[in-house]
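**Student:** Structure incoming, see below.
The values are calculated or read from the model by the stated rules, or taken from the named source; none is laboratory data. As the structure is a prediction and not an experimental result, all values here were calculated from the model. Note that we place each Cβ from the backbone using ideal geometry, even for glycine, and neighbour counts take in every protein chain shown. Heavy atoms of the whole protein, side chains included, go into the accessibility calculation; ligands, DNA and RNA do not. Shrake-Rupley method; radii C 1.70, N 1.55, O 1.52, S 1.80 Å.
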Amino acid sequence: MEDNTKYRFKEPDFSFPDYYKVFINAYPEQFNQISEDIKNDKIEEKKYHVEVSCFDQKMEYEACKEKLSILESFFCYEEAHKYHQCVKVNSSKFDRYLKYYINRNKLSYMKYWENQEKEYLEKLQQTKK
């Protein structure tokens, strides 16, 4: 298997806005379900975002195929390999970014409620004095 570091691809622009503040008042079970739903929605968008991030490589490959006849298109191996490698690399990046995004929102949600509990207990201690 070839080393995939041979090509350096443009860093994809996968933007995942924080959602935990919108659903901060949800129960933990509800928040986990919301997180799963958002994850599934983002996975459905994955193909589009990966294709967009590898658009330049796809255009190079398509241009090479148009330049040559159908029988000679196997000479476009280099362009095809770059394109498929870009899709593979950016697809795995999307998965990593998505996992980080979901976990970051879950941790922020839990941290918010831990701080709320701490503040409540401190106020409770102060009223007992």
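**Student:** Any residue in segment 62-78 that is crowded, with 17+ Cβ neighbours inside 10 Å, of a type in the set (Gly, Ala, Ser) and part of a helix (DSSP H, G or I)?
**Tutor:** No, because not a single residue in segment 62-78 is crowded, with 17+ Cβ neighbours inside 10 Å, of a type in the set (Gly, Ala, Ser) and part of a helix (DSSP H, G or I).
**Student:** Would you be able to say whether some residue in segment 5-14 is open to solvent by 70 Å² or more (accessible area, probe 1.4 Å) and more than 22 Å from residue 80 (Cα to Cα)? Write out each step before concluding.
**Tutor:** So in segment 5-14, the residues open to solvent by 70 Å² or more (accessible area, probe 1.4 Å) come out as 5-6, 8, 10-11, 13.
Those left that are additionally more than 22 Å from residue 80 (Cα to Cα): 13.
Yes, segment 5-14 contains a residue that is open to solvent by 70 Å² or more (accessible area, probe 1.4 Å) and more than 22 Å from residue 80 (Cα to Cα).
**Student:** Can you go through 73, 15 and tell me which one is touching a helix residue (DSSP H, G or I) at 6+ places or on another chain (Cβ under 7 Å), of a type in the set (S, T, N, Q) and at pLDDT below 90?
**Tutor:** Working: 15 fails: touching a helix residue (DSSP H, G or I) at 6+ places or on another chain (Cβ under 7 Å).
Just one listed residue meets the conditions, 73.
**Student:** Separate question: Could you identify the single residue in 106, 21, 46, 88 that is open to solvent by 80 Å² or more (accessible area, probe 1.4 Å) and more than 18 Å from residue 8 (Cβ to Cβ)?
**Tutor:** 21
**Student:** Show the residue pairs meeting these rules: Cβ distance below 8 Å; 6+ apart or different chains; first residue within segment 92-103 and closer than 12 Å to residue 46 by Cβ; second residue open to solvent by 70 Å² or more (accessible area, probe 1.4 Å).
**Tutor:** These pairs meet every condition: 98/39; 98/43.
**Student:** Scan (1) outside any helix (DSSP H, G or I); (2) of a type in the set (Ser, Thr, Tyr); (3) within 18 Å of the chain's Cα centre (by Cα) for the single condition residue 101 breaks and write down its number.
**Tutor:** Just one mismatch for residue 101, condition (1).
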